Amino acid sequence: MKKLNLGNINAGLNSLKAATDNAAQNGRFELIDTALIDFAAKNSYAADDNEESYKELAANIDEVGLLTPLGVIVNGNRYTLFSGERRFRAITTYLHWTKVPCYVFETKSVRKAQLMLHQANASREYTPQRKLQLYEEYRELLEEMKEAGEIKGGMQEHLAKLMGVSERSVRYYKQMSEQLTTEEKDDVAEGRLDIKEARERAVERGRETGNIAGSGEKEEKSEKSEKPKQDKLEQAILKVLKLADKEDPEKVTALLNRYLRGYMG
């Protein structure tokens with residue numbers, strides 16, 4: 001019997017949920033004149049893009065088509081791009097399309113439009129250095145939205161979702177944001193200051209001020225500890241399925257309870 005991979009199963013379920021949620025929230029589909037589309041005023045995600053990446057992407061789109069429409073927000077008689085700037089640049093620079101498929105959204109809130117930009121880029125992989133920068137961008141925006149009554153719930157929960165990390169990790173980025181100087185943050189971003197050393201400085205200063213978020217080492221160990229637990233549950237399911245084939249319900253129940261206790265413990 002093929003070994004069950006709960007990580008893949010869970011990822012698949014999350015993808016299905018995301019696709020369902022996205023479908024429910026999608027704006028109307030339209031072909032939009034490229035001349036009517038403007039770039040978002042604040043889009044730090046485009047900083048890592050370059051002409052070579054645009055050219056390579058354009059070749060790919062030319063071969064297989066634009067698989068995912070762009071995301072735009074109505075802005076008077078024009079549209080503001082919040083998802084797909086790299087694709088848009090590739091299309092307009094190298095393919096010279098006059099119209100492009102888009103999902104069109106209506107919102108009067110500049111803050112909500114900026115949040116949609118962040119959400120559209122949340123699935124990207126980022127280094128810890130970049131996450132520190134994003135933490136500060138996200139926190140500033142979310143604090144403004146919370147004050148304006150545009151979002152509800154805890155700040156850490158919103159930040160964790162946007163950053164794709166645990167709430168405990170969010171507390172750690174919060175400590176670095178609050179304890180490091182502007183110069184130190186610049187050094188982290190430019191690679192002159194190692195992220196581990198930056199964390200240690202933040203922790204030490206946090207201890208001095210009584211603002212302790214926990215050590216990075218403990219955080220990493222905590223996240224890694226989930227895998228052995230997952231392996232235990234996989235083994236439990238495998239054994240249960242084998243016993244179920246032999247129609248031994250008492251052993252099935254006993255073994256399942258035993259391994260679930262081990263997993264939860």
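The values are calculated or read from the model by the stated rules, or taken from the named source; none is laboratory data. Only a predicted model underlies this, so the values are computations on that prediction, with no experimental measurement involved. Note: ideal-geometry Cβ built from the backbone for every residue, glycine included; neighbour counts use all protein chains shown.
Exactly one residue out of 175, 156, 179 is assigned by TED's automatic domain parsing to the domain that holds residue 133, in contact with an Asp or Glu (Cβ under 6 Å, 6 or more places away or on another chain), modelled with pLDDT of 60 or more and closer than 30 Å to residue 115 by Cβ, and it is 156. Of the residues making up segment 52-68, just one is farther than 12 Å from residue 91 by Cα and touching a Ser or Thr at 6+ places or on another chain (Cβ under 9 Å), namely 68.
If the condition is being in a strand (DSSP E or B) and within 21 Å of the chain's Cα centre (by Cα), then segment 75-104 contributes 81, 82, 83, 103. Residue 67 meets all of the listed conditions (1) buried (at least 17 other Cβ atoms within 10 Å of the Cβ); (2) not assigned by TED's automatic domain parsing to the domain that holds residue 185; (3) not in a helix (DSSP H, G or I) but one, namely (1).
Could you tell me which of the residues 146, 174, 152 is more than 16 Å from the chain's Cα centre (by Cα), surrounded by fewer than 15 Cβ atoms within 10 Å (Cβ to Cβ) and basic (Lys, Arg)? Just a single option satisfies the conditions, and that option is 152.
Within segment 27-52, residues that are free of Cβ contacts under 8 Å to residues at least 60 places away in the same chain reach partners that are in a strand (DSSP E or B) and among the β-branched types (Val, Ile, Thr) with beta carbons closer than 7 Å, at six or more positions or on different chains, in the pairs 38/80.
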